[in-house]
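Throughout, read-outs are computed from the coordinates displayed, never taken from laboratory work. Nothing here was measured: the structure is a model prediction, and the numbers come from that model. Methodologically, a virtual Cβ is constructed for each residue, glycine included, from the backbone with ideal geometry; neighbour enumeration extends over all protein chains shown.
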Amino acid sequence: MDLQSKIPDFITEKSNIVRLVLFTASFALVFINFYSPFGVEYWLGTTRLQLFFYSSLIILTGVLVVVISRIIMFNMVKNCKITYIYFIIWILAEAFFMALFYALFEKIYFKDTRFFVDILRATMLNTALVLLLPYSATWLYFSYKDKKHQLEKMNTGEPSPDQQKNLIPFHDEKGVLRLSVKRENLLYIESSDNYVNIVYLSKDKISKFLLRSTLKRMEELFSNSEIVRCHRCYMVNFEKVKVMKKDKDGLQLELDFPLTTDIPVSRSYFEKVMETFSKYSTNS
């Protein structure tokens, strides 16, 4: 496992976070009533029902640390990547702050006469059990469900999330999906009246698909991408452009697949083409 790689998405899914919190709270509640940590032995003169009520109140208050922590994590993953090493540190911080809460509770409310460091050490051990056991169980369960879901997708032919990111969907003017092409297989798009020709590679051969749409709509779809309009009638995938040359007919783009048509560049798109070609020439 690479500690610098991103944690699986199922860890930060909203529904799984809710399940984690509920399972952790339930486990902690059972744990405190059977194992009697966190100063429960000081609660003398209480009935079993009263003990259950008080322990429930305290353990659920402590679990608020996990609730707040996971809300912060859920919002953080929208803007940044959480790696395994960062996630491990995060869990240790959760355990520490929960242990600190229980240690302060014992010291202040139950007047525990031990040194605070000794109380904190004991609560850290108990908190580690309260958190790490349900965390490990839920991780295994969520991982199992995720792998099972991926296998079901493979069996039904549905592409995985990684595959979906690499696929370009082409919808007609009514929004109906007509074609999906891998980015590296798309060559260019050519206008044809009220239609566009999607030219792509399939089984090492050039294929075309006629789609009822406009080049303007395609231009909006591929804004800020490697697929750029270069002519009144053409858009080209600049990851497939090998050579840019100027002849008697003007500026032409030569693609990296044999037998493909050279794509013309018109003056109105010259600046954008030069900028894009320079960008992808540098990255390649």
> For the pair Y144 and D249, how long in nm is the line joining their label points, each one 7 Å along Cα→Cβ?
Replying inline: 6.3
>> Quick check on my link table: of K14/K148; K6/K148; K205/K242; K81/K148; K203/K246; K174/K205, which ones sit more than 23 Å apart, alpha carbon to alpha carbon?
In response: K81/K148; K203/K246; K174/K205
> Taking 1 over the mean of 1/r across every pair of different Cα atoms in region 220-284, what Kirkwood radius in Å do you get?
Replying inline: 11.9
>> Just want the ordering: T61, T12, T123, from fewest to most Cβ atoms lying within 10 Å of their own Cβ.
In response: T61, T12, T123
> From the phi of every residue in region 180-193, what ³J(HN,Hα) in whole Hz does the Karplus formula 6.51 cos²θ - 1.76 cosθ + 1.60 yield, where θ is phi - 60° and glycine or proline is x?
Replying inline: 10, 10, 5, 4, 6, 9, 6, 9, 7, 10, 10, 6, 8, 6
> Taking other Cβ within 10 Å of each residue's Cβ, how do C80, C233 sort, fewest first?
Replying inline: C80, C233
>> I'd like the FRET efficiency for H171 and L132, computed as 1/(1 + (r/R0)^6) with the beta carbon distance as r and R0 of 41 Å, rounded to 0.05.
In response: 0.30
> Once the Cβ-Cβ distance between S278 and F53 is put in as r, and R0 is 51 Å, what FRET efficiency do you end up with, to the nearest 0.05?
Replying inline: 0.10
> Taking 0.36 nm per intervening residue step and subtracting the Cα-Cα distance, what contour gain separates L125 from I91 on full extension?
Replying inline: 10.8 nm
>> Give me, ordered by chain and number, the residues 5 or more places off Y234 or on other chains with an amide H under 5 Å from its own placed amide H.
In response: S191
>> Which lysines, if any, have their Cα less than 29 Å from the Cα of K248, not counting same-chain residues under 8 positions apart?
In response: K208, K216, K240, K272, K279
> For the residues H231, H149, what sequence is obtained by ranking on other C-beta atoms within 10 Å, fewest first?
Replying inline: H149, H231
> Once label points are set 7 Å from the Cα along Cα→Cβ at both F257 and E184, what is their separation, rounded to one decimal in nm?
Replying inline: 1.3
